[in-house]
Amino acid sequence: MKCAFGKISLKGTFKEQWEYGTGLYGRFLYLQSGSEQALICAFDLAGTFHTEARRFTARVSELTGIPQKSIWVHELQIHAAPGGKELCGEPMDMIISRSAEEVRAMLSRAEECECSACDIHMGTEFTMNREQYVEGLGGVTVWRGLKFDKDGVPYTNDPSVMLLRGYEPKLHSLDSPVYFDNAVDEKAYLFAFKNKSGKTLGTLSRFAAHPDVAVLFEHSENPDRLKEYRYDFDWPGYLTEIMEREFGAPGMYINGPCADLAVKKDCVNKGTYVSSAAECRRIAALIGKKIINEFRGRSRPVDTKAVFRTETFEIKLPVKDDFPRSRAEASDYEGRVKSAQAALDKALEEGRPAFEIKKLIDERWRKGHFYSMVFSSGGYTDEELASREVPVQVKAFRFGGYLFVGVPGESLVDITLWLRGSFTGEKTVPVDQVNGYYDYLATPRSLTLGGYTYWSSFVSRGAIPKLKRELYPLLRSFMK
């Protein structure tokens, strides 16, 4: 097996609105065994329209000779980075050009390699599920403001941090702490590649949580918080730097499905970029120490002669009935928002039960999200909206006894638990936001409970069950 790592700067590829706190990069891992090739591209970006991501894989394939099915575009969902329409057209052309040039150089310098790996049980020490059901209210999402008990379990009974848009219900269920203790992805991974002389060529690390720490200030009470924005690669970037110092070689991080997962961040006194970036470094240091210590004590050789395969599958996800049927309809959203707001105001005036008001809050803010989902983040086409189906791609990659699965994002931890339970257990490595951004891929549970995942999703109730139903036999066949 041959291996090469690469890296490009993204500076200058897009129209810059802020100063740089750190660089933003694209990082690449190329593997080859016999006639099979794999190229994983990981970018410090928020998210790319799926149409642009497919253009990337098609053009890079043309320019490098690597099959399109074997190229992954993975974005780390960095909140302090550009995304969506900011990356369309000329910016993507420049990213493609820089990437292809670097990958061609990687092909020429790829070396025979060996690999060691460690599957690390992280437990719930560093991450939490930011969604929970509150009795008498419904499902809520908390971005910041959770407290932690003596065992590190997050909790709150403060409705002002539950994205209720100013509504503060008086419920007995809020008289005591509401614990945010739903499932998280408890697995991290580290792969270290060396050449035949023992020199480390690079490392690949993986965990799963939102990279939203570098912008903690945006929800603070700092009146000048809008002036604090800086481009920053968040805790995954700082974690990568830790790995590079530790191993003396290029590092690369990939992120698992994390729509409902957050790191256990300290949000107190984080009203500036400087304090937010310091929290990124603190979190990266804790996660990095755990991963490195486990790797140093328990890493094992990977069988590089094991099955090495890549494939891309396409599945069409049905669109929820209330989602716009055209881009023109999405543009004409003010009337729907006004109507939803009027229904909410009336319910508040009448003192309707909290669970009814919560549903109306969800509907009001869902209607308000449609425009940005179609034009700014998801980039759905008229053809997709009219057909009521959006095609998504799932990437599969077998290496050294591991099954890497690149899913459309943002996916919830539910898909990780399903993939591990259905295939190779902890040897299954789900990766989020591969080949384009699709907003939140809500499960039936999320569509029932409401909250931010509900607001920010185009999929129907049957979409994720359909994804699993159709993906299962495809991956089963791929594993033979």
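The values are calculated or read from the model by the stated rules, or taken from the named source; none is laboratory data. On a predicted model such as this, the values are computed, not experimentally measured, just so you know. Glycine gets a Cβ as well: all are built from the backbone with ideal geometry, and neighbour counts include every protein chain shown.
What the table shows:
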| quantity | calculated |
| --- | --- |
| Filter pass, Val390 being farther than 30 Å from Leu39 by Cα and surrounded by 15 or more Cβ atoms within 10 Å (Cβ to Cβ) | no |
| Residue satisfying all of: in segment 200-229; of a type in the set (Lys, Arg) and assigned to a helix (DSSP H, G or I); surrounded by the most Cβ atoms within 10 Å (Cβ to Cβ) among these | Arg225 |
| Odd one out for His210 among (1) in contact with a Cys (Cβ under 6 Å, 6 or more places away or on another chain); (2) modelled with pLDDT under 95 | (2) |
| Subset of segment 365-380 [buried (at least 22 other Cβ atoms within 10 Å of the Cβ) and charged (D, E, K, R)] | Arg366 |
| Residue check for Gly288: crowded, with 16+ Cβ neighbours inside 10 Å, touching a helix residue (DSSP H, G or I) at 6+ places or on another chain (Cβ under 8 Å), within 30 Å of Phe370 (Cα to Cα) and assigned by TED's automatic domain parsing to the domain that holds Lys194 | no |
| Some residue of segment 148-160 being surrounded by fewer than 15 Cβ atoms within 10 Å (Cβ to Cβ) and within 21 Å of the chain's Cα centre (by Cα) | no |
| Count of segment 266-303 residues which are modelled with pLDDT under 95 and among the hydroxyl-bearing types (Ser, Thr, Tyr) | 0 |
| Whichever residue in segment 73-92 is crowded, with 24+ Cβ neighbours inside 10 Å and aliphatic (A, V, I, L, M) and, among such residues, is nearest to Arg206 (Cα to Cα) | Leu76 |
| Sole exception among (1) under 21 Å from the mean Cα position of the chain (by Cα); (2) part of a strand (DSSP E or B); (3) surrounded by fewer than 21 Cβ atoms within 10 Å (Cβ to Cβ) for Ala42, by number | (3) |
| Pair list, Cβ < 6 Å and 6+ apart or interchain, from segment 175-199 residues that are part of a strand (DSSP E or B) to residues that are buried (at least 21 other Cβ atoms within 10 Å of the Cβ) and acidic (Asp, Glu) | none |
